[in-house]
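Working notes for the structure below.
What follows is calculated from the coordinates using simple rules that are stated; it is not laboratory data. Here the structure is a predicted model, which means the values were calculated and not measured. No Cβ is skipped: glycine too gets one built from the backbone with ideal geometry, and neighbour counts run over all protein chains shown.
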Amino acid sequence: MPIKTLDVHTLVKKATADGEPANLFETVFILSKRARQIASRMKEELDTKLSYFEGFDTETEDPQFLEEQQRISMEHELLPEPAEKAIEEMFAGEIYHRDPQRDSDE
C-alpha cells in the first residue's frame with residue numbers, strides 16, 4: 001500500500017459532531033471507531049465465507065477446496081484497509097457522529 005498524504009485540515013472540516021465542527025482529536029477518534037466497525041464487518045464476512053469449509057477432513061480434502069479457500073483469503077487481503085475506507089467515507093460525508101456528552105449537557 002503506497003503512502004498517501006492527507007490534508008488534515010480538510011479532514012477536520014468534514015468531521016462534524018452533532019452539526020458542530022470537530023477538532024483534530026475528535027476526528028481521529030471518529031475515524032478509528034469507524035475503522036474498527038469496518039474491520040469487524042469484514043472479519044464477519046470472511047468468517048461466513050470460510051465457515052463453509054469447516055468440518056471437512058483435511059486429509060481427504062479435494063485440491064479444489066484448498067484453491068477456493070486460498071482464493072477467498074486472497075480476495076480478502078486485496079480489499080482496502082479499514083482505516084482507508086473510513087477516511088474515504090469521511091471525505092464523502094458518509095459518517096455521522098454524535099457526542100453523548102453534548103446531548104446530556106443540553
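Table for the structure above
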quantity: Approximate spin-label separation residue 64-residue 28, in nm, with each point projected 7 Å along Cα-to-Cβ; calculated: 5.1
quantity: Hits among lysines - C-alpha to C-alpha of residue 43 under 21 Å, sequence gap 8 or more where chains match; calculated: 33, 85
